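Please read the structure below before turning to the comments.
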């Protein structure tokens, strides 16, 4: 770096590359959403799509675009961003690269809550061979949410006793997660065919079942959390260097960590309860972006959101195209793509400059 | 007037007293080293002074302000802390130092913050590393980054927990020179825990010896005697003078 004013220009150029990465991600997300609009069981030409978007009418094409595809694209975008952002905050707050909604047992708890609602409270019914619907989605959602928050509360409580030591938190997550998985298995074992079908079908993560009202809820929650997380970006940067340093820089670490965990879990609970289980997005989105923009949350938070959107949309594209006209549940695709990618990240990390923190 | 006043500070875990009734004063322009055996409570003392740990009783004042009356942010503008074996997240050196401006940042870092960071980088000779990843630095370089971060925090009191423990001879001298220079330049104070007695003798104005959780002695270089070394460390030693510097030679 030069000693004169040019030194700062050099730094700004260095930061500019991170901004460029974010712009490129934006372009990628835009391209993916265009591709997503064209994908579905009915093939449409560019003219048909454009005219349907421009003139919302009662014709079938217009309805396909406005009532099916645009909500699905928006859901992929918002849910992907939300899950990835939640993973980003969880990883930093717990100083644990493996933290994410799925590894902390939050998703398992949400699944248990939903199964409880469907099987015990009878909030579900099967309609036909391929479709089963949840007759009372809000009970299912509420239960999924309640159980995920319970998990977060348990994990925060358990880890507080060990002063948030990273391994203990993940172990607590694994333990709590397996208890809920066992609970789900027992519920399903004693369920009747209809309820079982609905419960199992529910747990396949699926974007198309999200209604416009539900999409609104997901969007509001995600946007509100995004604003809070972005406001906290400097605090997260301080926290990334250790609790003691953060406190010496004037950060109230306990409050920051606890509130961040609650909000990250809220996003997860809302997403999981409306869409079912969608794994790995919260793990790989932020992990990939750490390699690209580093651990500066000024850029890591927006980059993780965009990467999450991109991963979710790409997975949804793959889910629609792979066995067309059959659509695979998107949750299966994210896990299928995410698992190997995450293994690769782990192996890379081992040989790389920075190792796991514990 | 003293820049740091510690009055009757005690700290204990439920079943264990760590520090008992420690009082001392530090004047502007002074480097004070805290000496004592491992486990004597030196690091704990620093953490209590900086409110990272909550003291059981006693009070601490910085530039006349009782720290219990300050918000976390206000405290961070008055007192900084260099943690033993600082750990860095994966960012550039510039960004790692910029974090020291955190207590002043409202919405985002400004040009003024960048200027202050750049000045400290130049002063510490880190220009060549400024945009490199801080996690790839050597021990000496990363300790300088930690110091630069403390310097841009522009506090009245800098607390340093064993800033030289993992460094080679050259870096030890450089780091302590930086600390002393900054203290003199801005007429502030530094409180440093150290294991290397000779380094402490060379760079400190005052010495605080800690034994059995209490202060054994506090004063100028005259308080470092063979008897004091024997009492605090249980080691026979001779105090000699080499090239104008007082040194401790264990026997």
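Other chains near B:127-137: what is the mean number of their Cβ atoms within 10 Å of each residue's Cβ? Before the final figure, lay out the partial values.
Working: counts 5, 1, 1, 6, 7, 1, 4, 2, 6, 2, 0.
Whole-number average of other-chain Cβ neighbours for B:127-137 is 3.
For chain B, what does the alpha-carbon gyration tensor say about shape, rounded, prolate or oblate, given a ≥ b ≥ c as the root eigenvalues, a/c under 1.5 as rounded, and a/b over b/c as prolate?
In terms of gyration-tensor shape, oblate.
Starting from the Cα of residue B:73, move 7 Å in the Cα-to-Cβ direction to define the label point; list residues of region B:95-135 whose amide nitrogen is under 17 Å from there.
Of the residues in region B:95-135, B:99-110, B:113 have backbone N under 17 Å from the label point off residue B:73.
Which of B:204, B:15, B:142 moves most in a GNM of chain B, Cα contacts under 10 Å?
Of the options given, B:15 has the highest mean-square fluctuation.
When chain A is modelled as a GNM with alpha-carbon springs shorter than 10 Å, which of A:171, A:317, A:249 fluctuates the most?
Maximum fluctuation in the GNM of chain A, among the listed residues, is at A:249.
Would you order A:342, A:190 from fewest to most other beta-carbon atoms within 10 Å of each residue's own beta-carbon?
A:190, A:342
Under 1.5 on a/c is rounded, so check that first for region A:6-351, then, if it is not, pick prolate when a/b is larger than b/c and oblate when it is not; a ≥ b ≥ c are the square roots of the alpha carbon gyration tensor eigenvalues.
Since a/c reaches 1.5 but b/c is at least a/b, the shape of region A:6-351 is classed as oblate.
For B:138, B:33, what ranking results if the residue with the fewest other Cβ atoms within 10 Å of its Cβ goes first?
The order, fewest Cβ neighbours first, is B:138, B:33.
Rounded to whole Å and ordered largest first, report the semi-axes of the equivalent ellipsoid of the protein assembly as shown derived from its Cα gyration tensor (root of 5λ). All intermediate terms of the calculation are to be shown ahead of the outcome.
Working: eigenvalues 622, 146, 68 Å².
Computed over the protein assembly as shown, the values are 56, 27, 18 Å.
Could you give the distance between the Cα centres of region A:317-349 and region B:154-205, to the whole Å?
The distance from the Cα centre of region A:317-349 to that of region B:154-205 comes to 54 Å.
For a test of the definition: using alpha carbon positions, the gyration tensor, and the 1.5 limit on a/c, classify region B:108-182 as rounded, prolate or oblate.
oblate
Once you place label points 7 Å from the Cα toward the Cβ at residue A:66 and residue B:214, how far apart are they in nm?
Rounded to a tenth, the inter-label distance reads 8.4 nm.
Of the residues A:51, A:208, A:254, which exhibits the maximal mean-square fluctuation in a Gaussian network model of chain A defined by a 10 Å Cα contact cut-off?
A:51
Would you mind computing, in nm to one decimal, how far apart the modelled labels at residue A:121 and residue A:46 are, each placed 7 Å from Cα along Cα→Cβ?
4.9 nm
So the label point goes 7 Å from the Cα of residue A:5 along Cα→C-beta, right? Which residues of region B:82-99 then have their backbone N under 20 Å from it?
In region B:82-99, the label zone of residue A:5 (backbone N under 20 Å from the point 7 Å along Cα→Cβ) covers no residue.
Which order results if B:65, A:88 are arranged by neighbouring Cβ count within 10 Å, fewest first?
With the sparsest Cβ surroundings first, the list reads B:65, A:88.
Could you give the length gained by full extension between residue B:84 and residue B:238, i.e. 0.36 nm per residue of separation minus their alpha carbon distance, to one decimal place? Can you show the working numbers first?
On the way: separation 154, 0.36 × 154 = 55.44 nm, distance 2.92 nm.
So the chain would gain 52.5 nm between residue B:84 and residue B:238.
Suppose R0 equals 22 Å. What FRET efficiency, 1/(1 + (r/R0)^6) with r the Cβ-Cβ distance, do residue B:198 and residue B:138 give to the nearest 0.05?
Efficiency computed from Cβ-Cβ geometry: 0.45.
Compute the distance in nm between two label points, each set 7 Å from the Cα along the Cα-to-Cβ direction, one at residue A:175 and one at residue B:187.
5.7 nm
Per residue of the protein assembly as shown, what 222 nm ellipticity follows from adding -39500 (n - 2.57) for every DSSP H run with n ≥ 4, rounded to the nearest 500?
Calculated at 222 nm, the ellipticity per residue is -18000 deg cm²/dmol.
Efficiency by 1/(1 + (r/R0)^6): what FRET value for residue B:17 and residue B:59, r their Cβ-Cβ distance, R0 = 30 Å, to the nearest 0.05?
Efficiency, from the Cβ-Cβ distance: 0.95.
How many Cβ atoms of partner chains, on average, are near each residue of A:237-244 if near means within 10 Å of its Cβ?
Mean shielding count: 6.
Measure out, as a whole number of angstrom, how far apart the alpha-carbon centroids of region B:22-67 and region A:189-240 sit.
So the separation of the two Cα centres works out to 47 Å.
Coordinate-derived values only; no laboratory data. It should be emphasised that the depicted structure is a prediction, and the values quoted were computed from it without experimental measurement. Here the Cβ is made from the backbone with ideal geometry for all residues, glycine too, and neighbour counts use every protein chain on show.
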